1. Rounded to the nearest 0.05, what FRET efficiency is calculated for D351 and A422 with R0 set to 45 Å and r the Cβ-Cβ distance?
2. Once the whole set of protein chains is in place, how much accessible area is left on T273, using a 1.4 Å probe, in Å² to the nearest 10?
3. Roughly speaking, what is the stretch gain from D213 to Q52, that is 0.36 nm per residue apart minus the C-alpha to C-alpha distance, in nm to one decimal?
4. Explain nothing, just the number: relative contact order of region 41-143, from Cα pairs under 8 Å at least 6 residues apart, as a whole percent.
5. What size of dipole, in debye to the nearest 20, comes out for region 186-334 about its Cα centre when the only charges are +1 on Lys and Arg C-beta atoms and -1 on Asp and Glu C-beta atoms?
6. Between A79 and K180, how many nm apart are label points set 7 Å from Cα along the C-beta direction?
7. Could you give the radius of gyration (one decimal) and Dmax (whole number) of the Cα atoms in region 289-425, in Å?
8. What relative contact order, as a whole-number percentage, does region 271-425 give when Cα pairs under 8 Å and 6 or more residues apart are counted?
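The values are calculated or read from the model by the stated rules, or taken from the named source; none is laboratory data. Because the structure is predicted, anything quoted here is derived from the model rather than measured. Cβ placement follows ideal geometry from the backbone for every residue including glycine, while neighbour counts extend to all protein chains displayed. Ligands, DNA and RNA are excluded from the accessible area calculation, which covers all protein heavy atoms including side chains. Shrake-Rupley method; radii C 1.70, N 1.55, O 1.52, S 1.80 Å.
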Amino acid sequence: MRRGLSGLAGAAALLLANAALPARADTVSLFCSSSGSEYEICKAGADAWARQTGNEVRINKMPAAWDEALPLYQQLLSAQSTDADVLLLDVVWVGLLQKNLLDLNADLSKDDIAQHFPATVAAGTVNGRLVALPWYTDTGLMFYRKDLLAKYGKPVPKTWAELTETAKAVQDGERAAGNKDIWGYVWQGKSYEGLTCDAIEWTASSGGGTIIDDKGAITIDNAKAAGALALAHGWVGSITPPGALNYDEEGSRSVFETGNAVFLRNWAYVWGTSQAAGAPLVGKVGVAALPVGAAGERSSGCMGTAHLGISKYTRHKDAALSLLHFLAGKDEQKRRAIAGAYNPTIAALYDDADVLKALPFLKDAEAAFAESAVRPSAITGSSYNRVSQAFFKAVHGVLGGDTEAGPALKTLAEDLATIKAAGKW
């Protein structure tokens, strides 16, 4: 009996002693990009959360080329590793990795989710499960020569037809004035993922869809999509240099920033490069949403959002959720926009004076971020790479004149049906 009392007293004393101690801190792993200044900006946010919560963050540097990070993620998740907590995700990885990610709907409030652009939330959602929260966004944008449009009295085009006409008029005028090397419109025509982005912008903004709909149906074989590709084919050699069929982002940017293009389709980073101190086009560049192809359609710049997700094998769920919530929150997105020109996914920040001072093009491009078209990576999952390759190869053939748009899309739809049957998306 005495022994029992002594044991109870000891246990009580131990409980009281433990109650006086601070809660044990968690160590959460976070993947940050190692490109340029991205690592330091990411680390600063993680460090701020650690100071605020008393937890620790172990940062894993991703390869500079993000594509090299995907196999690492797949290896960690397939092994159900507990060494991965919060993952930085390219939007086209969401469908591929979704089975290994937590559903965030149960742990985040509806208001937290609703503050982000709906398109970015949709891109992180698979079969009703929100597996990735938007962190920063990018989308295809139209860059244009403000000085040349003013010189020729042309407004910023709102439709692809207007862009075609304006690009030709300014191009011809400048060539007559002595600039023999100028072209009306440059973009990414190389046979690669970038062409998938460009071509989805043409088809979606014309009412032709995004290859595969959100139910998994193959929709690309339609007249509106064919018309959009036929229009783009008509640009080649007219307002677009034939060499554009080998352009990636940097190739097209170089043509524009050396003063040899009126319009450019590219990502938001071009604002920074074109307006860098000493650049030839400082003060001469405007930014707008891409044109639409048909009345009532949306601009449909291709989404390039980065998301944050949590491994379902984490041993620190609460701390990981806290870190994700902090990093994707309004205050941190504002800091990142000002410090590193990361475009927010939170609509309210597009009216923030401090953000607009740092990124003056944002307000003009807000519609582009809000109306982004999403590549069908979530619905196709592990089959996405094959889908995209089939699409951009078919499109490249149309642009190069190897085949007409209608027959090319019919064959593409048949090829995609074969991929679907094998991949069972």
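1. It comes to 0.40.
2. Counting only protein heavy atoms, T273 exposes about 50 Å² to solvent.
3. Working: separation 161, 0.36 × 161 = 57.96 nm, distance 4.25 nm.
Length difference between fully extended and current span is 53.7 nm.
4. Working: 55 pairs, mean separation 19.2, N = 103.
The normalised contact order for region 41-143 reaches 19 percent.
5. On the way: 12 positive and 14 negative charges, 56 e Å.
Computed charge dipole of region 186-334: roughly 260 debye.
6. Once both label points are built, they end up 6.1 nm from each other.
7. Expressed in Å, the Cα Rg and Dmax of region 289-425 come to 19.9, 55.
8. Working: 123 pairs, mean separation 33.5, N = 155.
For region 271-425, the relative contact order is 22 percent.
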